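The structure appears below as structure tokens.
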Amino acid sequence: RGQGRSVEALSYYREAHRLDPQRMSAAMHEAHLLAFADPKRAEELVAEGQREAPGLPLVHATASQVALARSDTAHALEEAQRAVELGPEDRASWVQLGTVHQARIRESQQRGKRPDAEMFEAAIAAFERVDQLAGGDVRAQVERARTLGVWGRRDEARKAYESAIELALRQENPLDGVAAATALDDYARDLHDTELRRFALHAIVTAKDDDYAAWERLARLVGGQHDHSEDEVYRELLARRPDDPQAHEIFVDHLLRHQRDDEAASHLEQVIAERLDDPTLWDQLLRVRIGQGRYGDARSVLERMQKAHPDDRNTRLAEARLAIAEGRYAEAIATLEAVVAKQEEFEALRLLALAQHRSGNGEAARAAMDRALALRKQPPLAALRLDAQIDHATGDFSGVLRDLQIVAGRGEELGAEERVLGAVALYETGRPQIGRRLLEEVLSEPDPPPEAALEF
């Protein structure tokens, strides 16, 4: 539960209560997790707790949470106060009381009323009590800071967030450190405070330096500041994690996004030669060379890779990549089918879909892409772009529009060829006027693709 793995936690709480029906704490923890997802079951468990262990503070704290789930803040407050009375030293009861006061604040705001100062003071006092009982509690300090921020006491809120982050670092608790810094980042985003956001994101990667998504958010933020560049963030990442292949992959992806292909290739060559003879980096170097259209260099990379890592899965993928780039689709398909037969994973299936698509086998491409997408909750944009092409080839025009809308919705610019696919899909789904406008837009740009004129 502390790791956010609620589904697994739920099954263990449920089994503990089944094995020992008198273990009301397990039942209450289950009810707390189900308060919003399955309120009927949560209420049944709370009723059992009130019947079997009416003097247990956790029973009343849980009853309070279940009441909050049905928006009954008055009853939630009553139960939380009862929990504190029964367990004045029980931190969970005080946390619940603070949570109820926060809910009362939100309720007033939603009704268009200004919350009473008493609500803010009561919430803050509850979280301060938790902090005191624990001798320092990061989560309680974060909730205190959050309440101060909603109250509009910005300087105090900022100091409270910073204090929570410092405490997590002292306690060497990366999970709490990330949670505190993420809460500060959310607060800073609401305030449109770029410097505070930079501090918060830097605190996240300080607490957990393998949080690559945070590194990338920090890089984008710093890159948008005057006299700064994304490079300084990526250089710090590499300084922190010099022997981590993924750190180098992320840096190279950054270089490629900014059309610095030669720098990307040089960096990979140097890292492979001097520090990390890792097959994933060889594969990335091969992709860079293919992207540059330097097929001789790509073949040289593959030959060196085959000697250094002859039996590695990445070597097989690299062989297939180069075969696809050079139009040897049957060879690529055979290689990839052998890889997939041993273990299905996203990239191998994506490449198989691409090879099948390029060879003109739409049904096989569709089947491979479906299997690939099933393995990823949020597939990369490159996969969705390929999926749009496969959908177009197989006549799934609604699928084309869905994929392109997701790509555009994630802030990516659609290429001219993709907008032509979108225009055709609009015609085919009964929206010819919008499709025509899109084709006219593409044709008005310099050097439009011939497909745009043909479709028009």
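Structure notes:
- Working from label points 7 Å from Cα in the Cα-to-Cβ sense, the Arg154 to Phe36 distance is 2.9 nm.
- Most tightly packed first, judged by the mean number of other beta-carbon atoms within 10 Å of their residues, the peptides 341-351, 315-325, 2-12 read 315-325, 341-351, 2-12.
- Share of carbon and sulfur in the accessible heavy-atom surface of the chain [1.4 Å probe, %]: 47
- For Lys40, net neighbour charge (Lys/Arg +1, Asp/Glu -1) across residues whose Cβ lies under 14 Å away: -3
- Rounded Å value of the spacing that divides the Cα centres of the range 283-297 and the range 41-65: 63
- For the chain, the 222 nm mean residue ellipticity estimated from helices alone, with every DSSP H stretch of n ≥ 4 adding -39500 (n - 2.57) and the total spread over all residues, rounds to -25000 deg cm²/dmol.
- Accessible area of Trp151 (1.4 Å probe, protein heavy atoms only, ligands and nucleic acids ignored): about 60 Å².
- When all alpha carbon pairs of the range 281-363 are counted in 5 Å bins from zero, the resulting P(r) reads 3, 16, 28, 25, 20, 7, 2, 0 %.
- Under the simplified labelling scheme, the Asp253-Asp277 pair shows an inter-label distance of 2.7 nm, with each label point 7 Å from Cα along Cα→Cβ.
- Once the Cα-Cα distance is subtracted from the 0.36 nm per residue extended length, the Arg240 to Glu263 segment shows a gain of 6.2 nm.
- In this structure, Glu303 and Ala16 have a Cβ-Cβ separation that, at R0 = 56 Å, corresponds to a calculated FRET efficiency of about 0.45.
- Placing +1 on the Cβ of every Lys and Arg and -1 on the Cβ of every Asp and Glu, with no other charges, gives the range 350-456 a dipole of roughly 520 debye about its Cα centre.
- For the set Tyr295, Tyr13, the ranking by accessible area, highest first and with no ligand, DNA or RNA atoms included, is Tyr295, Tyr13 under a 1.4 Å probe.
- Near-label residues of the range 392-413 by backbone N, under 14 Å of a point 7 Å along Cα→Cβ of Ala374: none
- In sequence order, calculated HN-Hα J values of the range 240-251 (Karplus, 6.51, -1.76, 1.60; Hz; x Gly/Pro): 6, 10, x, 9, 9, x, 5, 4, 5, 4, 5, 5
- Applying 1/(1 + (r/R0)^6) with r as the Cβ-Cβ distance of Asp116 and Glu8 and R0 = 41 angstrom yields a FRET efficiency of 0.50.
- Surface accessible to a 1.4 Å probe, per residue, for the residues of the range 334-456, Å²: 54
- Across the range 65-73, rounded Karplus estimates of 3J(HN,Hα) from the backbone phi angles (6.51 cos²θ - 1.76 cosθ + 1.60, θ = phi - 60°) give 5, 5, 5, 4, 4, 9, 6, 9, 5 Hz, Gly and Pro being marked x.
- Per-residue 3J(HN,Hα) values for the range 334-350, derived from phi via the Karplus relation 6.51 cos²θ - 1.76 cosθ + 1.60 with θ = phi - 60°, read 4, 4, 6, 5, 5, 5, 5, 4, 7, 7, 7, 9, 4, 5, 4, 5, 5 Hz in sequence order (x marks Gly and Pro).
- Selection of GluC sites (Glu not before Pro), the range 153-205, meeting DSSP coil and at most 12 other Cβ within 10 Å: Glu172
- Label separation (Glu89 vs Gln50): 2.9 nm, computed from points 7 Å beyond Cα along the C-beta direction.
- Net lengthening on full extension, Glu172/His192 (0.36 nm per residue, minus Cα-Cα): 4.2 nm
- Between Glu363 and Ala453, the FRET efficiency from the beta-carbon distance, with R0 = 30 Å, is close to 0.50.
- Rounded to the nearest 20 debye, dipole of the chain from Cβ charges on Lys, Arg, Asp, Glu: 840
- Extension reserve of the Glu326-Ala125 stretch, reckoned as 0.36 nm per residue once the Cα distance is removed: 65.5 nm
The values are calculated or read from the model by the stated rules, or taken from the named source; none is laboratory data. All values reported here derive from a predicted model rather than from experimental measurement. So basically every Cβ, Gly included, is an ideal-geometry build from the backbone, and we count neighbours across all protein chains shown. Remember, those area values only see protein heavy atoms, side chains included, never the ligands or the DNA or RNA. Shrake-Rupley method; radii C 1.70, N 1.55, O 1.52, S 1.80 Å.
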